Amino acid sequence: MSWDLYPALDIRAGRVVRLRQGDYAQETRYDTDPLAQAMRYAEAGARWLHLVDLDAARAGGYTLIPLLRTIKAETGLAVQTGGGVRRETDLLRLIEAGADRVVVGSLAVQEPEQVAGWIARYGAGRITVALDTRRDASGRWQLPVHGWTQSEAGGRTLDTLAAAYAGIGLKHLLCTDIARDGMLAGPNLALYAHLRALAPTLAVQASGGVRDLADLRAVQACGCAGAVLGKALLDGRFDLTDALREAAVC
């Protein structure tokens with residue numbers, strides 16, 4: 001299985017930001033232009049960019065089409081992007097604008113049959129399902145939706161949906177431990193080992209908590225196909241070139 005790194009740009013009101021544990025009230029803003037930052041990642045040797053529309057993740061209606069088009073035209077990066085993808089027309093708009101993979105989160109939790117149809121029609125390589133999760137008091141991995149601001153009311157859990165999507169041929173699964181997101185506390189390796197055992201055919205992207213190169217080695221060792229890098233890169237905790245070199249030898 002190939003191993004990829006996904007430097008991330010989370011965009012809110014046109015600015016690069018990071019949230020703590022998905023909390024919109026706990027925002028760190030970065031004084032960097034999104035396109036310029038994407039170009040820096042490309043110049044460092046990145047192959048992929050993970051681009052998130054945070055406003056749309058909560059309210060629906062992806063707003064970053066112009067930025068997506070420009071990044072594709074000027075950087076050469078493959079782009080995995082999402083936020084607010086609620087309808088098939090949203091999916092098609094992103095593909096037409098150049099998205100290499102479209103990330104589907106809330107809808108993938110609330111309407112899995114619809115997303116299964118998209119996978120069948122457009123191919124498993126076009127869609128990344130995001131099952132972002134928070135553990136409840138009873139130990140179950142729940143799946144908050146709409147920018148992690150609402151609880152999923154259908155009783156679906158990470159375990160049930162990951163297994164179901166693997167069963168219908170999903171390839172790419174992005175999973176964020178919300179408690180670790182933006183916290184630089186290390187990735188939840190037990191969660192990813194659990195996912196790999198539950199659905200070994202899925203190419204799992206780890207997200208949340210990566211703070212150093214040792215974390216990347218640990219994520220790869222537990223069988224993940226890649227890792228999303230956000231706050232650690234923006235804060236300069238390590239260099240993307242070094243991370244890519246590490247990924248190449250894993």
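The values are calculated or read from the model by the stated rules, or taken from the named source; none is laboratory data. None of the values given here were measured: they were computed from a predicted structure. Glycine also receives a Cβ, built like all others from the backbone with ideal geometry; neighbour counts cover every protein chain displayed. Surface accessibility is based on the protein's heavy atoms, side chains included, excluding ligands, DNA and RNA. Shrake-Rupley method; radii C 1.70, N 1.55, O 1.52, S 1.80 Å.
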query: How much of the accessible area of the range 154-245, probe 1.4 Å, is carbon plus sulfur, in whole percent?
result: 52 percent
field: Two-site label geometry, MET39 and ALA214: point separation in nm, points 7 Å out along Cα→Cβ
entry: 3.7 nm
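How big is the Cα convex hull of the chain in projection, averaged over all directions, in nm²?
On the way: hull surface 47.1 nm².
Across all orientations, the chain yields a mean hull projection of 11.8 nm².
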task: Could you work out the relative contact order of the chain, using alpha carbon pairs under 8 angstrom and six or more residues apart, expressed as a whole percent?
output: 19 percent
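Rank HIS194, HIS146 by accessible area, highest first, at a 1.4 Å probe radius? Before the final figure, lay out the partial values.
Numbers: HIS194 70, HIS146 35 Å².
From most exposed to least exposed: HIS194, HIS146.
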statement: Placing one equal point scatterer on each C-alpha of the range 53-166 and summing with Debye, one gets log10 I(q)/I(0) at q = 0.10, 0.18, 0.21 Å⁻¹ equal to -0.30, -0.89, -1.13
- request: Pull out the extension gain between ARG135 and MET183, defined as 0.36 nm times the separation in residues minus the alpha carbon to alpha carbon distance; nm, one decimal.
  value: 15.7 nm
query: Over the range 21-88, one equal point on each Cα, no solvent: what is log10 I(q)/I(0) by the Debye formula at q = 0.18, 0.25 Å⁻¹?
result: -0.76, -1.17
field: Positive minus negative residues near ASP177 (Lys, Arg vs Asp, Glu; Cβ under 15 Å)
entry: +2
- prompt: Which of LEU51, VAL115, ALA206 sits farthest toward the positive end of the charge dipole of the chain, with +1 on the Cβ of Lys and Arg and -1 on the Cβ of Asp and Glu?
  reply: VAL115
